[in-house]
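Notes follow the structure.
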Amino acid sequence: MSKLALHGGDPAGEALEVPNWPQSTEQSKANVLDAVESGAWCRSYDDAEWVDRFEESFGAYHDATHAIGVANGTVAIELALRMLDVQPGDEVLVPPYTFIATASAVTSVGAVPRFVDVDPRTYNVDADAITDAITDRTVGVIGVHIAGYPMDFDALLPVVREHDLFLIEDAAHAQGTEWNGRKVGAIGDVGTFSFQESKALAGGEGGMVVTDDAVLADRGELLCNIGRRSNSVYHHYELASNCRMTEFQGAVLCAQLEKLPEENERRRENERLLRSEIDAIDGIKTKPDDERITARGYCLFDLQYDSDAFGGLSRDRFLEALTAEQIPASTGYAMPMYEQPAFSRSRVAALVPPEATVPRYRHLHLPGVEQVTRRNVSLTHTVLLTDETGIQSIGTAIRKIQSNVDSLLD
Ligand SMILES: Cc1ncc(COP(=O)(O)O)c(C=O)c1O
C-alpha cells in the first residue's frame, strides 16, 4: 500500500496536468487588437460591433431569441429583476447554496430574499420547498444551475406557472448546459450568465441576460443603457443604471465562445471516465446521471463525501489529504448563504421598506443545504480538461486515502 503524500509518499496526482485558466487563443488576441485599433471601445457608438456580435452568437448558441451583454453576472441578475419589475418589499425565493450575487441582487432592488432548501442530490432548488415557501408577497424564484448541472425544469415550471411567479435562471455556471435538447437560460422567463475569468466561458469580467420575451428584452435593453435607446444620445426614457459590456469584453468573448463546445465535449468525456473511476468507491457520490441533461456546461464538478465510509475522517481532513496528492479540490460554498454575515436580519431590513417581513436568517436550518455544505468536494472545470491518465489518478488518490485512512485518524 503506497504511502500518503501527506506522510511523505509520492502524490497520486502527479500525472494530473490541470491547464491554466483562462486560455487565450490567437483569435482572442486578434479580436482584442481589432477592438483596440477600431477606436470604438464603447458599444454605444455606431462603429462598435463586438458586443453586438457576441450577443448574436451567444444568443444563437444558447437557444435564446434575445441576448443583452452586460458588465458581469451580478449586474445581469439585478437587471433581470428590474426587467421583471420587482418592487421594493416583494419576496423572491432563492436557494441558499450559491454565490452571494444570486441573493444580494434581490436586495439591490429593495426586495426580500427568502431562502428555500436545495435537493441534496443535485444541489439545486427544490420544487416542493418552493411550494411550501410561497406567500402573498412572493413574485418569483431565482434558481441556479449549480456547477452547470441544470435545475429540474419538469418539477419547477409547473409550480412557478401555477402560482404566477417568474423564474430567473442564474446560469452563471452553465455555459453550454442543455435540458431535453434545449440550452438553458431562456427556458424560464429570463436567464443570466457570468463570464468572470474562472468560468468555462471567460471574458475576465462579463455577463449576459437572455430571454425569449420581446417585451422583456426591449425593457432590458433600455434599462441596461441608462434608460436610453442606443442611438438616442441624451434621451432617457427610464431611470436606470449603466450595465453595458465593453467592446473589449465582446471581442475576447466572441473568440472564447468558438472553443467552448469542443472543450465542453472533452469535459463530458472526462466526466464519464471520472464517474466510472469513482462511482464504485464507497462514500463518494456524484450527482445523478439524468438523461434529460442532454449536454453539460461546467464550472465545477461536485462530489459528495460521506465520512462514515472513511472511518469518520472529516471532509476537511480528506480534502487536505487529497490536495497533498496533487488533486486540486475545495469545499465549494462552505456555508449556507443564510449564515453569511451579510445576511443578518438588520442588514437586510435596512435595504427594504419598513413594512416588509424580513426572515430571521440566522435562525434558519435547511437540511438539504446543510448536508451539501458539510459534505461537498468540488473539482474545477479545468480538471476535466486533462487526459485519461490524469482523470484515473483522481480515483487512485481517493482509493489511496480510503485504504490509508487509519494513518490519518491517529
Ligand atoms: C451562481 C453565480 N451567480 C452569479 C455570479 C456573479 O457573477 P460575476 O462574478 O460575474 O458578477 C456568480 C459568480 O461567480 C455565480 O457563481
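The values are calculated or read from the model by the stated rules, or taken from the named source; none is laboratory data. Small disclaimer: the values here were computed from a predicted structure and weren't measured. Here Cβ is always computed from backbone atoms with ideal geometry, including for glycine, and neighbour counts include all displayed protein chains. Surface accessibility is based on the protein's heavy atoms, side chains included, excluding ligands, DNA and RNA. Shrake-Rupley method; radii C 1.70, N 1.55, O 1.52, S 1.80 Å.
Within segment 109-128, if we keep just the residues that are outside any strand (DSSP E or B) and without any contact (Cβ under 8 Å) to a residue 40 or more places away in the chain, the residue that is surrounded by the fewest Cβ atoms within 10 Å (Cβ to Cβ) turns out to be Asp128.
Residue-by-condition table, conditions (1) of a type in the set (Phe, Trp, Tyr); (2) touching a residue at least 40 places away in the same chain (Cβ under 8 Å); (3) in contact with a Gly (Cβ under 7 Å, 6 or more places away or on another chain); (4) more than 24 Å from Glu49 (Cβ to Cβ):
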{"residue": "Gly203", "(1), (2), (3), (4)": "no, yes, no, no"}
{"residue": "Ala217", "(1), (2), (3), (4)": "no, yes, no, no"}
{"residue": "Leu222", "(1), (2), (3), (4)": "no, no, no, no"}
{"residue": "Asn225", "(1), (2), (3), (4)": "no, yes, no, no"}
{"residue": "Arg228", "(1), (2), (3), (4)": "no, no, no, no"}
{"residue": "Glu247", "(1), (2), (3), (4)": "no, yes, no, no"}
{"residue": "Leu274", "(1), (2), (3), (4)": "no, yes, no, yes"}
{"residue": "Glu277", "(1), (2), (3), (4)": "no, yes, yes, yes"}
{"residue": "Ala280", "(1), (2), (3), (4)": "no, no, no, yes"}
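Checked against (1) surrounded by 13 or more Cβ atoms within 10 Å (Cβ to Cβ); (2) in contact with a Lys or Arg (Cβ under 8 Å, 6 or more places away or on another chain); (3) outside any helix (DSSP H, G or I), Glu221 passes all but condition (3). Residue count for segment 176-218 satisfying the condition of being assigned to a strand (DSSP E or B) and within 14 Å of the ligand (Cβ to nearest atom): 8. If you go through segment 341-370 and keep only what is crowded, with 17+ Cβ neighbours inside 10 Å and in a helix (DSSP H, G or I), you end up with Phe343, Val348, Tyr361, Gly368, Val369, Glu370.
Looking for whichever is in the same structural domain as Asn242 (by TED's automatic domain parsing), of a type in the set (Gly, Ala, Ser) and open to solvent by less than 20 Å² (accessible area, probe 1.4 Å) here; the options are Gly204, Gly181, Gly143. Which one fits? Can you show your working first?
Details: Gly204 fails: open to solvent by less than 20 Å² (accessible area, probe 1.4 Å); Gly181 fails: open to solvent by less than 20 Å² (accessible area, probe 1.4 Å).
From the options Gly204, Gly181, Gly143, the qualifying one is Gly143.
May I ask you to say which residue of Ala76, Ala48 is part of a helix (DSSP H, G or I) and in contact (Cβ under 8 Å) with a residue 40 or more places away in the chain? Sole residue among the options that is part of a helix (DSSP H, G or I) and in contact (Cβ under 8 Å) with a residue 40 or more places away in the chain: Ala76. Examine segment 129-149 for a residue that is of a type in the set (Val, Ile, Thr), more than 17 Å from Gly368 (Cα to Cα) and touching a helix residue (DSSP H, G or I) at 6+ places or on another chain (Cβ under 7 Å), and state whether such a residue exists. Yes, some residue in segment 129-149 is of a type in the set (Val, Ile, Thr), more than 17 Å from Gly368 (Cα to Cα) and touching a helix residue (DSSP H, G or I) at 6+ places or on another chain (Cβ under 7 Å).
Condition first: surrounded by 18 or more Cβ atoms within 10 Å (Cβ to Cβ) and part of a loop (DSSP other than H, G, I, E, B). Can you find one or more residues in segment 313-325 that meet it? Yes, some residue in segment 313-325 is surrounded by 18 or more Cβ atoms within 10 Å (Cβ to Cβ) and part of a loop (DSSP other than H, G, I, E, B).
Taking the stated definitions as given, is Pro88 open to solvent by 60 Å² or more (accessible area, probe 1.4 Å) and either in contact (Cβ under 8 Å) with a residue 24 or more places away in the chain or in a loop (DSSP other than H, G, I, E, B) (or both)? Answer is yes for this residue.
For beta carbons closer than 8 Å, sequence separation of 6+ or different chains, a first residue in segment 131-148 that is part of a helix (DSSP H, G or I) and a second that is within 16 Å of the ligand (Cβ to nearest atom) and of a type in the set (Val, Ile, Thr), the qualifying pairs are Asp132/Val116; Ala133/Val116; Ile146/Thr98; Ile146/Val118; Ile146/Thr122; Gly148/Thr177.
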